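K.L.:
Here you go, one structure.
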Amino acid sequence: MHTLHVSCIQLAILLFLLAQTECSNGTSAYNPNETVIITRCITTERSALLAFRAGLSDPANLLPSCNWFSGQQVPEFFGSLQNLRYLDLSESSFSGRIPPQLGNLSNLRYFSIGSSLDDIYSTDISWLSRLSSLEYLDMSWVNLSTIVHWVPTVNMLRSLKFLSLSCCELRTSPDSLLHSNLTSLETLDISGNRFNKHVAHNWFWDVTSLKHLDISYCQLHGRFPDELGNMTSIVHLDLSGNNLVGMIPSNMKNLCNLEELILMAININESIAEFFERLPNCSRSKLRTLLLPVSNLTGSLPAKQEPFSNLTLLDLSGNKLTGPVPLWIGELTKLTELELSSNNLDGIISEDHFSRLVSLESLSLNDNSIAIVVNSTWVPPFSLTNVQLRSCILGPKFPMWLRWQTRILNLDISNTSISDKVPDWFWKMSSSVQSLNIRNNQISGLLPSTMEFMAAKAMDFSSNQLSGPIPKLPINLTGLDLSRNRLSGPLPAYFGAPGLGTLLLFDNYISGTIPSLCEFQFLWLVDISGNKLTGSIPDCSFNTSTKNTSLNIVNLSSGNNKLSGKFPSFLQNCHKLVFLDLANNQLSGPLPVWIGEKLPSLAFLRLRSNMFYGHIPVELTKLVNLQYLDLAYNNISGSLPESFVNFKGMVVTRNYNNDDKIPDPFASATLFDDNEMIDFTDNFKVVTKGQEQLYTGEIIYMVNLDLSCNNIIGKIPEEIGTLVALKNLNLSWNAFSGNIPDKIGALLQVESLDLSHNDLSGEIPNSLSALASLSHLNLSYNNLSGKIPSGNQLRTLDDQPSIYIGNPGLCGPPLSKSCSQTEPVPFVQKDQEDENEKVFFFLAMGIGYVLGIWTILCIFLFQRKWRAICFSFYDSMYDRVYVQVAVTWASFKFYKEKWKETN
């Protein structure tokens, strides 16, 4: 008797043999032309495997054709299927339907087809009931979404000890079984299904023989059932990810065999002290794993607690725990992982907490207010591989005890109040660290010249005071953040990290030119803004016969430098580019027409404060995803293209959480295993509402059109009202003419609207009163006239009078000029009007001369001295009076003409 362990190759051979063999009454078959010996073949088992083969898709061609094995010697026992006990297909890559003929393998005891199989499904599992000898069944990830009565089928397998149907898209789970045959079942894993029912009413609570129960993430709800107390054989219990509420039942004290309790992401909402009280005392010495993260546990850890002598993993992270870490934690001598991150713990952790934790390998205290205070000469008893101390208090000096931790793979000491020069031993100690995070401290010193020999894959040194040049990077590095330091000097000509994906160097003092980025085929995020870089961005010189000319850059930020030259031509190779910021440089030339064709994914284009000139190319309107366009402070001229309002990205805000073809440029680079995110847009500033505002991650929701401070002429397109997702519209300081489009009132999402310093005329449209989101408006210095529209929203705006200044034809609140003060003037022919003006002018002049002469004559008649003074004064004032009269008359004529135009 042989037990068959069938691998992919063995299955291929087996199927080949079955295909070549004719079965007749179970007798032996022999082909003299081949060296293959088949001793016996059972028809039902042969048809079972052949049906299985016929239903499979085999893209990797793992199941060969018959003639592949011609002339080869195959072991004799492959011909016998009568004793097939073991069939494991979990590591293969087949897809297709599971045939019911598998039920013919009546002696099968072990069957695994789940795990790594792709797109395996079954529409009928009644054949399982015929596998009467089956003890182990794993069909994880097999699509059983159409199966309803799966529990009664499984209930017929009296010998079953292990059952795993996790992630099978099951939706039904009966409340109970009339008669349970699963008296031998020890392991049940039905996690990741969608039962969506009350947790207490389920058939598995009656299977008291269970030792391992995993019903995590099954959309179960309600309070913890009292039936838990009946599961006295339970060793491993996982109820994570369900909508369970309240405290665990008191009868859990009956679970004396409990070794692993996993209650992750539920809503206990009770004190941690009460929870510990309800754990079974009889299993205190057996409990090895206690996972309670993100379970809404409150209160302080009890100051005194009989320790769990065999506990190896304790995870209380992501709760609402307060107070200090008690000393009994240090008595968990077998503890290998301690996870207390993301609570509100405080106080001091000293050497007394650590002195007996000789087995500790992972220490995670992130995002607490814990101060770690140990002697500078203290040597820890443990050797850690994972150290997560973000936002704890380690400083001001560098923690010397880290010097002895030479096995660390992941180290996070960011935001830990360290204000010290980085010691030489730290670079040596961290040479084998793969994820290194020291951001947001006051760490000074130079980057090591031996940096290229470090093993790091991810480094975050941002927001410190590191200085000096950037050395050659580690060869395995994929993510680097050196932003907000004092680094200087030129960038290395060769970075030395061919797999680099993220490069963040913004806000430093880096000078020189930008080396070619074209060698980095995996680079998708680059931010070198806020430095002193000069020259042009180099082009790519691809050898098209050997290299792919397409780059993977999704985000490129090089604003706030002194870059010159034309629009970077190498961007023609960046077909995935979503975010481009070249603002505040000295770039010049026309905008290239290829932007619309070569950058189809572009959604954010920021070119403000450069020297670009010429018309806006009509091809730019092909960027249907564009939601942020900033061309302010350039020399752009001409009128807006007729199709300028075709930007669909300004009509409906893109949902970057959807699984679409365009990658999210703001999905921050994950450099660390604990999902520490780098927000590379936290230095992004937007000019809106009349001032520069800092945006962080929410910039992805900003829909902006800023063409201010250019030389654009013509009318504002009436269709601009179709860009209904706009939040900021700035067309100020141009030469736009004509009326303000009435449809501008359709921009219901707009928060800032600036049309100032143009040649706009006519009345302000009443539709502006409908802009409920508007918080900033500027219409100053145009030729607008008429009554200012009324409306509650317009009345709430700040700086009310200054909004309309420079428009002398406007009247009504909030201006002091009343519209009723201006009386209509009767219609008069122009010639008659001119004659009347002449009569009025000369009459006034005549009266003035008569009065002046009469005054002079009186002075001359009575006082000689006065006559001398008067003639002298008259001579000096004559020119002044003449000029004043001429200016007054010209002003009078100008305002009279303007009044006639507006009435």
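K.L.:
Between V687 and residues 5 or more places away or on another chain, which pairs have amide H atoms under 5 Å apart, with H built 1.01 Å from N, and which residues are they?
P.N.:
Q693
K.L.:
Greater than 27 Å separation of Cα atoms is the criterion. Which listed pairs, K566/K622; K576/K622; K685/K787; K598/K743; K727/K817, meet it? Present the calculation step by step, with values, prior to reporting the outcome.
P.N.:
Numbers: K566/K622 21 Å; K576/K622 15 Å; K685/K787 36 Å; K598/K743 33 Å; K727/K817 32 Å.
With Cα atoms farther than 27 Å apart: K685/K787; K598/K743; K727/K817.
K.L.:
Rounded to whole Hz and in sequence order, give me ³J(HN,Hα) for segment 331-345 from the Karplus expression 6.51 cos²θ - 1.76 cosθ + 1.60, θ = phi - 60°, writing x for Gly and Pro.
P.N.:
Here the 3J(HN,Hα) series is 8, 7, 5, 9, 5, 10, 9, 10, 10, 10, 5, 6, 10, 10, 6 Hz.
K.L.:
Output ³J(HN,Hα) for segment 702-711: one whole-Hz value per residue in order, computed from phi by the Karplus curve 6.51 cos²θ - 1.76 cosθ + 1.60 with θ = phi - 60°, and x for Gly and Pro.
P.N.:
After applying 6.51 cos²θ - 1.76 cosθ + 1.60, I find 7, 10, 9, 9, 10, 10, 5, 6, 10, 10 Hz.
K.L.:
Related question: Provide V652, V624, V325, V687 in ascending order of the number of other Cβ atoms located within 10 Å of each residue's Cβ, fewest first. The partial results should precede the final answer.
P.N.:
Values: V652 11, V624 16, V325 23, V687 20.
Ranked by crowding around the Cβ, least crowded first: V652, V624, V687, V325.
K.L.:
Once the Cβ-Cβ distance between K428 and K685 is put in as r, and R0 is 41 Å, what FRET efficiency do you end up with, to the nearest 0.05? Could you put the intermediate results ahead of the total?
P.N.:
Values: r = 40 Å, r/R0 = 0.97.
Result of the calculation: an efficiency of 0.55.
K.L.:
Using a simple spin-label model with points 7 Å from Cα along the Cα→Cβ vector, what separation in nm is obtained for V245 and E169?
P.N.:
Between V245 and E169, the label points sit 3.2 nm apart.
K.L.:
How many nm separate the modelled label positions at S285 and R223, each set 7 Å beyond the Cα in the direction of the Cβ?
P.N.:
Computed distance between label sites S285 and R223 equals 3.4 nm.
K.L.:
Right, another one. Just to confirm a number: summing +1 for Lys and Arg and -1 for Asp and Glu over residues other than S558 whose beta-carbon lies under 13 angstrom from that of S558, what do you get? List each step's numbers first, then the result.
P.N.:
Numbers: positive: K532, K562, R606; negative: D507, D527, D581.
Taking every other residue near S558 into account, the sum is 0.
K.L.:
Taking Cα centroids, how far is segment 220-273 from segment 366-415 in Å?
P.N.:
Between the Cα centres of segment 220-273 and segment 366-415 lies a distance of 34 Å.
K.L.:
Given H placed 1.01 Å from N in the peptide plane, which residues other than close sequence neighbours of G786 have an amide H under 5 Å from its amide H?
P.N.:
Those qualifying (amide H under 5 Å, at least 5 residues apart or on another chain) are L810, C811.
K.L.:
If amide H atoms are built 1.01 Å from N in the plane of the peptide, which residues on other chains or at least 5 residues away come under 5 Å of the amide H of N143?
P.N.:
It is I120, Y121, S122, by chain and number.
K.L.:
Run through all the Cα pairs of segment 596-641 and give the fraction in each 10 Å bin from 0, expressed as whole percent.
P.N.:
Computed distribution, short to long bins: 26, 56, 18.
Every read-out reported here was derived from the displayed coordinates using simple, explicitly stated rules and does not represent laboratory data. Keep in mind it's a predicted model, so treat the numbers as computed, not measured. Note that each Cβ is placed from the backbone with ideal geometry, even for glycine, and that neighbours are counted across all protein chains shown.
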